[in-house]
Amino acid sequence: MRVGLDIGSTTIKCVVLNDADELVYSTYERHYSHILEKGREILSRIDSDYLHGEKALLAISGSAGMGLADSCKVSFVQEVFATRVAANRLAPGTDCIIELGGEDAKILFLTNGTEVRMNGSCAGGTGAFIDQMATLLKMTADEMDKAAQTATRTYTIASRCGVFAKSDIQPLINQGALAGDIARSIYQAVVNQTIAGLAQGRPIKGNVLYLGGPLTFSSVLRQCFDETLHVKGTCPENSLLYVALGAAYYADESFSLREVSQRLEQYSATATYASQPPLFASKQEYEEFHARHMKATVPCLPFGADCGPVHIGIDSGSTTIKLVVIDDNSNILFTSYQPNLGNPVPIVREVLTKLYENHPNLHIASVTTTGYGEALIKNAFHADFGLVETVAHFTAAKYFMPNVDFIIDIGGQDMKCFKIEDGAISNIFLNEACSSGCGSFLQTFAKALGYDVKEFAALGLFADRPVDLGSRCTVFMNSSVKQAQKDGATIENISAGLSISVVKNALYKVIRASSPEELGRNIVVQGGTFYNEAVLRAFEKEMNVEVIRPDIAGLMGAYGAALHGKSKVAAGHVSSVLTPEQLKAFEQKVTSVQCKGCGNHCQLTINVFADGKRFISGNRCEKPVTGKASDESLDLYAYKLALLLDYKPVKGSRNKKIGIPLCLNMYELLPFWHSFFTTLGFEVVTSPVSSRALYQEGQATIPSDTACFPAKLAHGHIAELAKMGVDAIFYPCMTYNVDEGLGQNHYNCPVVAYYPEVLAGNCPELEHIPFFYEYIDISRRKDFTAKMPKLLAKYFPDVTRGEVKKAIDAAYAEYTRHMALVRQKGEQIIEKARAEHRRIIVLAGRPYHVDPEVNHGIDKLILQQGAAVVTEDSISDRVQPFKTSVLNQWTYHSRLYAAARYCTTQSDMDLVQLVSFGCGVDAITTDETREILQEGGKLYTQLKIDEITNLGAVNIRLRSLFAALDEKSGKA
Amino acid sequence: MEYTTPNFTKDMIHTHKILIPNMAVTQFRLMEAALEKEGYQVEVLGNCGSEVAQLGLKYVHNDTCYPALLVIGQFIDALNSGKYDLDHTALLITQTGGGCRASNYISLLRKALVKAGYGNIPVASLNFSGLEKDSGIPLTAKLLRKVIAAIFYGDLLASLRNQVHPYQNEPGAAEAMTEKWIRTIQGWMHEDKYYSAHDMKAKFPDIVADYAAIPITRVPKVKVGVVGEIYVKYSPLGNNDLEKFLESQDCEVNLPGLMGFVEYCIANYTITQKLYGGNVIVAGGADALLSWLDSIGNAMNAALRKYGFYAPGSFRELMEKPKGIVSLGAKMGEGWLLTAEMIELVEGGYANIVCAQPFGCLPNHIVGKGMINKIRALHPEANITPVDYDPSATRVNQENRIKLMLAVAKERLQTGAAEAPAVTAEDLAGGAPSVKTTVPAGM
């Protein structure tokens, strides 16, 4: 007999084979992380039902099986390897296996050189990811598959990691996109993620085998893989058991299962893991803590007929919808807090209808909406005001603590913190897409472990040795928890550990505080997650300060909105909100289209309401709403892009075409090289402006999935150029950038400097096209002039030294002219903005942030707010070199520091920094830029961008910035 | 904004204890002895544990590379410990310079110190690139030579230990031998003995012979090479005790020596001058220095081969390895050296490679992960797995990936490796394998 045990991240699988290697028993069950108990149970079951005390060949496999196998001294088979063993036996002739598990994605190439690929530590789980998304859609995995079968369209969802995708899906839900379409889009994202992350340039073709839970259970997922790969894959019999089968086949040592099971029992008795002090030293300490927090309350009065005019605040959040009714004295009359079930509109309608029914003759004086769905709800129900959520929270916090100087809000999916100085929001921290999770993570986790979230959180309060889970994004936390469980941590200690991690994430990842004094001493905490007393306690302990948690911690946005409405309307005002009759006739139709107005191709969601009013979301500019193109005369980003696109191919004397990829530093050096080659008599063609399609074209050849998005786009540009019939592609390696004398050195970052090497090593197109990626330093003009002819001669032997010299002169002249144009236009925009009394925003990034696919039209969003946009390089020459606390050695970043310094001297100029996810250099530059700005009394705003197309969070941040600026200058 | 901490001055040599973060354990223990003899009071930090990473996270931007988090966390943890007289303690940090963000470690350290309330602690920089002229640690020529000797001897001991340990008949024999030699060489350092090139060349065979006398039984074992970002490659704190883990999996481990990195830094002066122009005298000086170092390295390798141990080729040969794969112009971080070491390992019979880097390490996107495809195309037997390290990447995950690599390696070992002939140390005793890479025309 042979036994194979496969312990995965979420399920446990076991097979028993008889001596003819026939399957006599198999099981597939969720273990809810009770790995030891489950493993023991299954082994004893097999022992008594099949082996009756006899020994059997046994091997253990699976990501959660490793430590366990070691401890009970049973041989361990790496799971991918086990899959291969099984496939070789059961499905000979297979070329490629795609296996998705609870948290792993694997691709195995079996023919033409065996290779196995697993997802990197950043790619997140796939099965767990689908589960998480199903939870978000309020569906079971089966329901989600069914819904996806009805889909008519697919949305673009970031395919990097679960948390990113989630922030793409949430707005879709909020905007009312159809669940079926979202479900299918989720499966497609999984497909893209698997291919982009794992295939890494190797084509998947031939006989493809689908294994693992998600691929077995979802027909749509299989269909998506088939369509994307242009194959017809099969999901074989026992597709869930391949790893276990492989382990059984591989097993070469006999064990008594009874003994193994006993060894497991001993193992579970040892609880060795890194722990932290308990949250409460004693019951009494808890009671004091509890009593203290019960004091922060808003008076609640009965909602009687004599309540007078009322103000309503609606906070349409990412996962919940909150509504508060207050009277003219700010007393709370009514509250509602419920999940938004994917579409907040019907819920608001229901609550309003009930209000009208229960309170005939109700005088509604104002309705104010806030949160993610602010605009949608405002338009649907004709609310009076819309308020950016940060300001709503601040307004509410002031009610509890007039001198509040720091607010932290941990909600379902987002975390917001802001510092308050002189009565205005002086600094905002929003969690970047990679560390979100917070509340909804705790919830998903509780569910995965089989608990209700409240029950789960309460478990942690009196844990004796909370697990130390560290602080990082939730995807990583998943595996830390698994590890802790294996080490024998109790559920209580894990619960407490998770609560502490949420706090550490907020403090060290989002705010990056190093001491409580830095944040302020008067802190209000809010958001639903702080109802969890373990999180609250962990926060106080970590910060070493007593904070105020209002009893309406989860309703602060709505309450603040109501207060705002109250302060805005005069006595006797009647709200414009829908009347009971209108509400009865209310209807909402949702359609979604792709805007064809410009190259951004925004995915628009159009809500049409009963009164014919349309609400469009997902747009970056006003064009789909007003039909007019945005005014670009105040947008230096648009101007810079236009300048570059003006460099058209010119037929040359040599009758040869040079291709230049429009990526990374070419966004600045195109004028230089275009002029250089055109002067030499070459025709210069550039790859087209980046697009989603272009990115996907090259995505399969990206070797490192954690490189920054602008670099990854380069693969698509090479693929495009290869189709344009060029004689050579020119993209030199440049350790050094131009030297503008602003810093101690003038490097490029390693990625910009050497990315051509990666392209040369990984893009199959370049095997057939000569690729010039020599090392060049244009900051040493004399040496460059001397060396370039030789380098060029390797590819074009007929080019003479004299010709190159002339071309180099032309190139430098053109580059200088280009930079001068940018600076001139910058000056014009600044003058025009000043004449029109507009704010000027320095949207500071690097040259390639001009790429619309990289900046996602953020420049347009800023224009929409009525401000002008200039670039960092248009003003960086206006300050003298100065000393920075970090080593100032990268040309692009020297400009950033200089621009920040210049901003501090201009009252109407503020800086917003664009940061590409994965940019290691920006880990250094962001803190420095923040300090330069804050020293000069300016707000610092950072926007982290990736392939994500959701701009909801960006918009909130920008609006908060403008609200804070208005407050500061007394315009509010 | 500037964060200033006092510079390390000459007077402090006698008054201050210098704390050094741990990296390459053996090499650093010898260096410690060299510094002590010259009057420096030094301590290579041994504190680890979760507190170190937590402090790093607290005081350094969380997206900064893992080595910076750990090194700074380790310093602050040490200062917090109460073990040191804070008025007489200084910190030494190495700086590589160049376009990698690692050249910013010292700025990040200063900032963290000020934030943590240790703004009075002097910081010294150890670098060969002329950065931080005011805070460079004062080194005499004699001391510098001793440091070089410490690295050479350390590399040799580490290499020997790793080649004997998996095959030793008596558990602990290689370890005991290494301890013995560390103490012996520390003694030499204290007595100002045997640190000259000439003496080193004479001593190498003695050391190797001693190891060769340890009784061993040669059985085929999976041979694993480790390359990567310098800190994560060597530091057990940074790589979750990678070396020990691999040994526990019954592997022979090969960590290319620390001197390679020093030589790489020196070679880059010449390479940069060749590519872009610049000071010919500096470039020539660097080249001469390289030749001198390489002659010592060659003597060491010859000694190894003489007694049947594996030794890599000379550094000049190593510089030839990346041809056709990556240019020597890629000089940020570990740059071309990392690619070169991978090829050297594959050709030397260590086809199974762990490429260790901090999560999001920029140079390694290029010279590590970016080059694997090309290396595989030229050497189909290459079995390389990149592993990312950061404060929250769990050990389970990392070890699981490594085990996958090892599963493939073990299978090849059993089936007699279809593509690559099994190369044993004895086979290689005659010399390093010749360069087999094909160089496409026009490059």
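Given R₀ = 51 Å, what would the calculated FRET efficiency be for B:ILE281 paired with A:LYS723, taking r from the Cβ atoms and rounding to 0.05?
0.55
In terms of modelled amide H atoms, which long-range or inter-chain residues lie less than 5 Å from the amide H of A:ALA610?
A:GLU587
Which residues' amide hydrogens lie under 5 Å from the amide hydrogen of B:THR94, considering only partners 5 or more residues apart or on another chain, with H built in the peptide plane?
B:LEU126
Tell me, in nm to one decimal, what length is gained between A:ARG153 and A:GLU518 on full extension, where the rule is 0.36 nm per residue of separation less the Cα-Cα distance?
On the way: separation 365, 0.36 × 365 = 131.40 nm, distance 4.87 nm.
Gain on extension, A:ARG153 to A:GLU518, equals 126.5 nm.
Given an 8 Å cut-off on Cα distances and at least 6 residues of separation, report the relative contact order of chain A as a percent.
Details: 1966 pairs, mean separation 101.3, N = 972.
For chain A, the relative contact order is 10 percent.
Quick one: dipole size for chain A, taken about the Cα centre, charges +1 on Lys/Arg Cβ and -1 on Asp/Glu Cβ, in debye to the nearest 20.
Working: 95 positive and 107 negative charges, 427 e Å.
So the dipole magnitude of chain A works out to roughly 2060 debye.
So if I average 1/r over every pair of distinct C-alpha atoms in the stretch A:638-818 and take the inverse, what Kirkwood radius in Å does that give?
About 16.6 Å, per the Kirkwood formula over Cα pairs.
If you take all C-alpha pairs in the protein assembly as shown, what percent of them are over 64 Å apart? The partial results should precede the final answer.
Working: 106334 of 1000405 pairs.
Of all Cα-Cα pairs in the protein assembly as shown, 11 percent lie more than 64 Å apart.
With a 10 Å Cβ neighbour count serving as the proxy for reagent exposure, in which order, fewest first, do A:ASP739, A:ASP452 appear?
With the fewest neighbours first, A:ASP739, A:ASP452 line up as A:ASP452, A:ASP739.
Would you mind telling me which residue in B:THR385, B:THR415, B:THR15 has the biggest mean-square fluctuation in a Gaussian network model of chain B, where springs connect alpha carbons within a distance under 10 angstrom?
B:THR415
For the stretch B:45-133, build the charge dipole from Cβ charges (+1 Lys, Arg; -1 Asp, Glu) around the Cα centre, then report which of B:CYS65, B:ILE76, B:TYR118 sits farthest towards its positive end.
With unit charges placed on the Cβ atoms, the residue in question is B:CYS65.
What translational diffusion coefficient, in µm²/s and rounded to a whole number, does the Stokes-Einstein relation yield for chain B at 10 °C and a viscosity of 1.306 mPa s, taking the hydrodynamic radius as the Kirkwood radius over Cα pairs?
The Stokes-Einstein estimate is 71 µm²/s.
Quickly work out the B:ALA302-to-A:ASN358 label distance, labels modelled 7 Å from Cα along the C-beta direction, and quote it in nm with one decimal.
The modelled label-to-label distance comes out at 9.4 nm.
Can you pull out the GluC sites (Glu not before Pro) in the stretch A:530-616 that DSSP calls coil and that have at most 14 other Cβ atoms within 10 Å?
Hits after loop and neighbour filter: A:GLU546, A:GLU587.
How large is the dipole of chain B about the Cα centre if only Lys and Arg carry +1 and Asp and Glu carry -1, each at its Cβ, rounded to the nearest 20 debye?
In total the dipole reaches around 540 debye.
HN-Hα J couplings of the stretch B:367-375 from phi, Karplus 6.51/-1.76/1.60, θ = phi - 60°, integer Hz, Gly and Pro as x?
Karplus values, whole Hz, x for Gly and Pro: 7, x, 4, x, 9, 4, 4, 5, 4.
So for the pair A:SER254, A:GLU546, with labels modelled 7 Å out along Cα→Cβ, what separation do we get in nm?
7.0 nm
For the stretch B:45-133, what does the convex hull of the Cα positions come to per residue, in cubic angstrom?
Dividing the Cα hull volume of the stretch B:45-133 by its residue count gives 93 Å³.
What FRET efficiency do you get for A:ILE769 and A:LYS73 if R0 is 56 Å and r is their Cβ-Cβ distance, rounded to the nearest 0.05?
That pair, A:ILE769 with A:LYS73, gives E of 0.50.
Whose amide H sits under 5 Å from the amide H of B:GLN41, counting only residues 5 or more places off or on another chain, with H placed in the peptide plane?
Amide H neighbours of B:GLN41, under 5 Å, 5+ apart: B:ILE18.
Using 1/(1 + (r/R0)^6) with R0 = 60 angstrom and r between the beta carbons of A:GLU935 and A:GLN284, what's the FRET efficiency to the nearest 0.05?
0.85
Can you tell me the Rg and Dmax of the stretch B:10-50, counting just the alpha carbons, in angstroms?
When restricted to the Cα atoms of the stretch B:10-50, Rg and Dmax are 11.1, 35 Å.
Apply the Karplus curve 6.51 cos²θ - 1.76 cosθ + 1.60, θ = phi - 60°, to the phi angles in the stretch A:289-298 and return the couplings in whole Hz, x for Gly and Pro.
Residue by residue, the stretch A:289-298 yields 4, 4, 4, 4, 6, 6, 7, 7, 10, 9 Hz.
For the stretch B:1-99, which trypsin sites (Lys or Arg not before Pro) are both in a DSSP coil and crowded by at most 12 other Cβ atoms within 10 Å?
On the way: sites: B:LYS10, B:LYS17, B:ARG29, B:LYS37, B:LYS58, B:LYS83; in loops: B:LYS10, B:LYS83.
Here the sparse-neighbourhood loop sites are B:LYS10, B:LYS83.
Of the DSSP beta bridges with both residues in the protein assembly as shown, give the percent that are antiparallel, rounding to the nearest 5.
45 percent
Taking θ as phi - 60°, what are the ³J(HN,Hα) couplings along the stretch A:690-698 by the Karplus curve (6.51, -1.76, 1.60), each to the nearest whole Hz, with x for Gly and Pro?
4, 8, 4, 4, 4, 4, 5, 4, x
Report the gain in length on full extension from A:ALA571 to A:ASP877: 0.36 nm times residue separation, minus Cα-Cα distance, nm rounded to one decimal.
Contour length minus Cα-Cα distance gives 104.7 nm.
Run the simple label-point estimate for A:ASP95 and B:LEU413 please: 7 Å along Cα→C-beta, distance reported in nm.
For A:ASP95 paired with B:LEU413, the spin-label model returns 3.3 nm.
Using the Cα centre of the stretch A:638-818 as the reference point, and only Cβ charges (+1 on K/R, -1 on D/E), how large is the resulting charge dipole? Debye, rounded to the nearest 20.
500 debye
Rounded, prolate or oblate: pick one for the stretch A:821-968, where a ≥ b ≥ c are the square roots of the eigenvalues of its C-alpha gyration tensor, a/c under 1.5 means rounded, and failing that, prolate if a/b is larger than b/c, else oblate.
Note, shape of the stretch A:821-968 comes out rounded.
Every number here is computed from the coordinates shown, using simple stated rules; none is lab data. Since this is a predicted model, take the numbers as computed values, not measurements. In this analysis, Cβ positions are derived from the backbone assuming ideal geometry, glycine residues included, and neighbour counts consider all displayed protein chains.
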